[in-house]
């Protein structure tokens, strides 16, 4: 009797499938949730630090993924870490905030929909080693005005991002619109941006690049990937898995 019960259910299921009018199909996986950002974003980060190369340089790419023009760029600000070295007495790192403005007055005031803004710190290294994509926007050197620092600071800032950092982008009203953490950045406690997990180290000659579609969930480890062949002024070709 137990034997009949054990085999009855599989037989009934098989018979139901055989005589059913419905075909068996394999459903494709649902597409990734794009979650596009609705504001200016930090789209790509490249940094070759002095510790990793005798010819260090940095560039950072911003992108307007919205359907509207974004104005007043020179009043937007970026917070990053700046290393101050005056051998043999001073070697320290400060947190500085600088407007997206420059001593050369070369930052555009507006960024049209779908346009990029790429800022670099060393024009010779940048143009010697970097190929540009055909995207629209502006590529220019960045010699920022320091708005504030976490310590007394004198002198101009040469734009050079660090191997481990937290980049904070704010709009003209001081609202935080984007936070990018990388290099295993360890947040303070309490964390003002809880849930934003840092991406890992950026290998030499690679970049930290945002997934296609201005993917934005609020966690750097989820929104970015390592791009081995960085091309500023171009869209990411990699979708979020």
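So the values come out like this:
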item: Gap separating the Cα centres of region 71-132 and region 166-241, nearest whole Å; result: 17
item: Ranked packing of 160-171, 225-236, most packed first, by mean Cβ within 10 Å; result: 160-171, 225-236
item: Linear extension gain, residue 173 paired with residue 89, 0.36 nm per residue minus alpha-carbon span; result: 26.4 nm
item: Chain lengthening between residue 51 and residue 138 when straightened (0.36 nm per residue, less Cα-Cα); result: 28.4 nm
item: Label-point gap, in nm, between residue 128 and residue 217 - each point 7 angstrom along Cα→Cβ; result: 4.0
item: FRET efficiency, residue 204 to residue 110 (Cβ-Cβ, R0 35 Å, nearest 0.05); result: 0.50
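Taken together, the values in this text are just the output of simple stated rules run on the coordinates, not laboratory data. The shown structure was predicted, so the numbers you read here are calculated from the model rather than taken from an experiment. So basically every Cβ, Gly included, is an ideal-geometry build from the backbone, and we count neighbours across all protein chains shown.
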